[in-house]
Amino acid sequence: MTAPTVQHQRISGNLFASLHSFLKGKTCEVFYAPFDVRLNADTFDNTVVQPDVLVICDRTKLEKTGCKGAPDFVIEILSPSTSSHDRFLKFDLYRKSGVREYWIVEPDTKKVSVHTLSNEDYITRVYGEADVAPISVLDNCTIDLAEIFPQD
């Protein structure tokens, strides 16, 4: 696997910084890749994923080497080599394991697909770079997408 692009790193850093600032002094904590997540750790499924950015509110899920169980919020930033994997395989893994909110960030189109879990399925909304996107799993948290996408 190749290293992320500069654009990917900027977006990831901007998202992490926004979330880190919002979560300061709160129960939830934000992490960034590489960070192992064993989605179904209580089963025989040993699938490990490494989301670009994630938020964990249940600190009992934190282990020395990562997260045991589904995070509350996951962000994947698309790249040509991971796009299909993130849109389909990880989408299904996150949904089935109970990730409450999953963002797919598209650097090329400057769009964010927000998938919010409801009755074991995701409800999807799409936001553009001029929008302020709410994070439903974090009370009163919004992300100004104009501040997330780097200016060319």
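Observations on the structure shown:
- The set of residues in the stretch 1-29 that are loosely packed, with under 10 Cβ neighbours inside 10 Å and in contact (Cβ under 8 Å) with a residue 24 or more places away in the chain comprises Met1, Thr2, Thr27.
- Condition met for Glu101 (in contact with a Phe, Trp or Tyr (Cβ under 7 Å, 6 or more places away or on another chain), within 20 Å of Thr47 (Cα to Cα), surrounded by 15 or more Cβ atoms within 10 Å (Cβ to Cβ) and of a type outside the set (A, V, I, L, M)): yes
- Only residues that are more than 15 Å from the chain's Cα centre (by Cα), in a helix (DSSP H, G or I) and either buried (at least 17 other Cβ atoms within 10 Å of the Cβ) or free of Cβ contacts under 8 Å to residues at least 24 places away in the same chain (or both) were counted in the stretch 47-95, giving 3.
- Test: Glu147 is in contact (Cβ under 8 Å) with a residue 24 or more places away in the chain, of a type outside the set (Lys, Arg) and surrounded by fewer than 17 Cβ atoms within 10 Å (Cβ to Cβ): yes
- Taken over the stretch 9-39, the residue count meeting the criterion of being out of contact with any helix residue (DSSP H, G or I) (no Cβ under 8 Å at 6 or more places or on another chain), part of a strand (DSSP E or B) and within 27 Å of Lys110 (Cβ to Cβ) is 2.
- Residues that are among the aliphatic types (A, V, I, L, M) and over 23 Å from Leu23 (Cβ atoms) within the stretch 122-142 comprise Ile123, Val126, Ala130, listed in sequence order.
- Matching residues, the stretch 119-142, being touching a helix residue (DSSP H, G or I) at 6+ places or on another chain (Cβ under 8 Å), within 17 Å of Leu78 (Cβ to Cβ) and in a strand (DSSP E or B): Tyr122, Tyr127, Gly128, Ala133
- Summed over the stretch 96-117, the residues that are over 17 Å from Leu15 (Cβ atoms) and modelled with pLDDT under 95 give a count of 3.
The values are calculated or read from the model by the stated rules, or taken from the named source; none is laboratory data. Treat the numbers as computed from the prediction; the structure is a model and nothing was measured. Counting neighbours? That spans all protein chains shown, and the Cβs are built from the backbone with ideal geometry, glycine included.
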